[in-house]
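Scroll down for the structure; my scribbles are underneath it.
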Amino acid sequence: MTERLQPGDKAPDFSLTDDSGAGVRLSDYLGSRVVLYAYPAAMTPGCTAQACDFRDSLDSLHAAGISVLGLSPDKPEKLAQFKARDHLTFPLLSDPAKTTLTAYAAWGEKKLYGKTVTGVIRSTFVIAADGTIELAQYNVKATGHVAKLRRDLGLG
C-alpha cells in the first residue's frame with residue numbers, strides 16, 4: 001500500500017477521463033485550490049449523500065477559490081448517469097485502473113462491516129494552488145464530512 005499523503009507533499013498528478021469523456025489533469029488546476037475526494041461507488045447511498053453535500057456546498061467552496069473533483073473506479077458512463085440523476089455540478093473522474101487512487105493511498109485494505117476488504121478508502125484531499133497537499137483526510141464519513149471540511153478550511 002502507498003504511504004499516506006501528508007501536508008506539504010507534492011500532490012500526484014493524474015490524467016483521467018471525466019463523466020463526459022473529457023480528459024482531466026491535475027495540472028489543469030495549477031494556480032487554484034482543489035478538493036479531490038475519493039469515494040467507493042457512484043449511486044450508492046453513502047456516496048450519493050456525500051456527492052450531494054459537495055454539490056450543495058459548491059457555491060461557498062467556489063467563493064473561496066476551491067474547485068471540487070470526485071474520484072472513483074467507476075467507468076465514465078456510470079459517472080454520467082450519477083451526475084445526471086443527482087444534478088451534480090462538478091467533474092467526476094474515472095479511475096478503473098485505480099492508479100490515481102493508489103497514488104493518493106485511497107486504495108487498499110479497509111474495514112467493512114467488521115471484515116477486512118480491499119477497496120476505495122473514502123478520502124478527501126485539499127490541494128494547494130502550488131500543487132502540494134494542504135490537507136489529507138482518510139477514512140472520512142460519507143455524511144457530515146463536507147460540513148467538517150468547510151470548518152477545517154475556515155469556511156464556516
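The values are calculated or read from the model by the stated rules, or taken from the named source; none is laboratory data. This one's a predicted model, so the numbers in the text were calculated from it and none came from an experiment. Here Cβ is always computed from backbone atoms with ideal geometry, including for glycine, and neighbour counts include all displayed protein chains.
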*Residues within segment 50-86 that are within 23 Å of Gly108 (Cβ to Cβ) and aliphatic (A, V, I, L, M), tallied*: 4
*asked:* I'm trying to understand the selection: among the residues of segment 50-62, which are out of contact with any Phe, Trp or Tyr (no Cβ under 8 Å at 6 or more places or on another chain) and closer than 22 Å to Pro76 by Cβ?
replied: Cys52
_What's the number of the only condition in (1) closer than 19 Å to Thr132 by Cβ; (2) touching an Asp or Glu at 6+ places or on another chain (Cβ under 8 Å); (3) part of a helix (DSSP H, G or I) that Cys52 fails to meet?_
(1)
*What number of residues within segment 71-84 are in a helix (DSSP H, G or I), under 17 Å from the mean Cα position of the chain (by Cα), farther than 25 Å from Arg150 by Cβ and not hydrophobic (A, V, I, L, M, F, W, C)?*
2
*Looking at Thr132, Thr143, which is the one that is β-branched (Val, Ile, Thr) and at pLDDT 95 or above?*
Thr132
_Filter segment 85-118 down to the residues that are part of a strand (DSSP E or B) and on the phi > 0 side of the Ramachandran plot and list them by number._
Gly108
*Would you check if there is a residue in segment 50-64 being under 16 Å from Asp95 (Cα atoms) and surrounded by 14 or more Cβ atoms within 10 Å (Cβ to Cβ)?*
no
*Test for Tyr138: is it buried (at least 16 other Cβ atoms within 10 Å of the Cβ) and of a type in the set (Phe, Trp, Tyr)*: yes
*Give the residues of segment 108-128 that are surrounded by 14 or more Cβ atoms within 10 Å (Cβ to Cβ) and either free of Cβ contacts under 8 Å to residues at least 12 places away in the same chain or over 17 Å from Leu71 (Cβ atoms) (or both), sorted by residue number.*
Ala128
*For segment 128-154, how many residues meet the condition of being under 24 Å from Glu109 (Cα atoms), β-branched (Val, Ile, Thr) and assigned to a strand (DSSP E or B)?*
1
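Conditions tested, residue by residue: (1) outside any loop (DSSP other than H, G, I, E, B); (2) closer than 19 Å to Leu101 by Cα.
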position: Pro7; (1), (2): no, yes
position: Val24; (1), (2): yes, yes
position: Ser27; (1), (2): yes, yes
position: Gly31; (1), (2): no, no
position: Val35; (1), (2): yes, yes
position: Cys47; (1), (2): yes, yes
position: Ser60; (1), (2): yes, no
position: Leu69; (1), (2): yes, yes
